[in-house]
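Student: Have a look at the structure that comes next, please.
The values are calculated or read from the model by the stated rules, or taken from the named source; none is laboratory data. All values reported here derive from a predicted model rather than from experimental measurement. Quick reminder, even Gly has a Cβ in these numbers, built from the backbone with ideal geometry, and neighbours come from all protein chains shown.
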Amino acid sequence: MARGIKKTRIYSALEVANVCGVVNQTAINWIRKGHLKAFTTPGGQYRVYAADFVAFLESHGMQVPEELEEQLHKDQQRSNTEDVYTPSSLRLLYITTDQRQVDMLLQYVSNKKLRYQITAVSSLREAFSFIADKLPSVILYDPDGIPADAQTLLDSYILQLKQADPLIPECIIEPFKAESEDTSNAYTKLNTILVA
């Protein structure tokens with residue numbers, strides 16, 4: 001459940017650079033060239049898990065700082081519990097009653113080669129259940145397929161979860177209709193949300 005979510009420690013490219021005694025751009029180059037495993041945040045920033053950072057350091061004969069070893073040990077202990085939030089795969093929840101909308105969104109994400117696990121639900125009740133279990137990075141909803149106050153209800157629910165556990169990460173909530181009179185603008189906005 002969301003109430004027990006614990007955050008796994010991740011490192012920015014700058015933190016990696018500082019530990020390794022190099023400039024930020026060098027760490028970014030290691031990531032881009034595939035030497036250092038990382039994931040990208042919805043804002044386009046690189047992040048590295050402690051385990052991947054340690055593996056990189058060891059494979060290149062670099063000393064692993066004691067603090068990093070301790071963090072890796074803590075992360076490994078947490079990973080044995082069910083309630084760890086690990087954003088290694090970004091989750092996108094789409095609330096719509098129209099399967100064509102879902103198919104179009106899946107096609108778009110696939111064509112853009114975006115790393116999102118997409119789950120579609122047809123009601124707010126299903127959405128709340130999914131959010132409580134696996135908080136997504138992005139929630140999109142079809143404004144024609146669910147109640148008019150969906151944004152308010154979703155915002156309120158996320159706020160309640162955050163009050164119960166302040167470590168819960170941010171979540172973007174936006175209306176989206178894959179096929180509409182203004183399809184071009186809808187996808188431009190979607191691209192901004194998912195890629196930026």
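Residues checked against (1) in a helix (DSSP H, G or I); (2) touching a strand residue (DSSP E or B) at 6+ places or on another chain (Cβ under 9 Å); (3) outside the structural domain of LEU161 (by TED's automatic domain parsing); (4) modelled with pLDDT under 90:
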site	(1), (2), (3), (4)
ILE31	yes, yes, yes, no
GLN63	no, no, yes, yes
ASP75	yes, yes, yes, yes
VAL102	yes, yes, no, yes
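Student: Return the residues of the range 163-177 that are exposed (fewer than 15 other Cβ atoms within 10 Å of the Cβ) and either hydroxyl-bearing (Ser, Thr, Tyr) or not in a strand (DSSP E or B) (or both); say none if nothing qualifies.
Tutor: Hits for the range 163-177 are GLN163, ALA164, PRO166, LEU167, PRO169, GLU170.
Student: Please enumerate the residues belonging to the range 15-25 that are loosely packed, with under 14 Cβ neighbours inside 10 Å and within 16 Å of GLN45 (Cβ to Cβ).
Tutor: The one that is loosely packed, with under 14 Cβ neighbours inside 10 Å and within 16 Å of GLN45 (Cβ to Cβ): GLN25.
Student: Out of the residues in the range 162-180 meeting the condition of being modelled with pLDDT under 75 and among the hydrophobic types (A, V, I, L, M, F, W, C), tell me which one is farthest from TYR108 (Cα to Cα).
Tutor: Selected residue: ALA164.
Student: Quick one: in the range 111-151, of everything that is among the acidic types (Asp, Glu) and over 25 Å from GLN163 (Cα atoms), which residue is surrounded by the fewest Cβ atoms within 10 Å (Cβ to Cβ)?
Tutor: In this case the residue turns out to be ASP144.
Student: From the set of residues in the range 33-53 that are touching an Asp or Glu at 6+ places or on another chain (Cβ under 7 Å) and surrounded by fewer than 18 Cβ atoms within 10 Å (Cβ to Cβ), which is modelled with the highest pLDDT?
Tutor: Among those that are touching an Asp or Glu at 6+ places or on another chain (Cβ under 7 Å) and surrounded by fewer than 18 Cβ atoms within 10 Å (Cβ to Cβ), it is LYS37.
Student: Within the bounds of the range 124-131, is there any residue that is outside any helix (DSSP H, G or I) and either out of contact with any Lys or Arg (no Cβ under 9 Å at 6 or more places or on another chain) or at pLDDT 75 or above (or both)?
Tutor: Taking every residue of the range 124-131 in turn, none turns out to be outside any helix (DSSP H, G or I) and either out of contact with any Lys or Arg (no Cβ under 9 Å at 6 or more places or on another chain) or at pLDDT 75 or above (or both).
Student: Then there is this: Quick check, is ILE118 within 20 Å of ALA186 (Cα to Cα), assigned by TED's automatic domain parsing to the domain that holds ALA186 and at pLDDT 85 or above?
Tutor: So ILE118 fails the test.
Student: Moving to a separate point now. Which of the residues belonging to the range 132-151 are under 18 Å from the mean Cα position of the chain (by Cα) and in a loop (DSSP other than H, G, I, E, B)?
Tutor: Taking the range 132-151 as the starting set, the residues that turn out to be under 18 Å from the mean Cα position of the chain (by Cα) are 132-141.
Correct list: LYS134, LEU135, PRO136, SER137.
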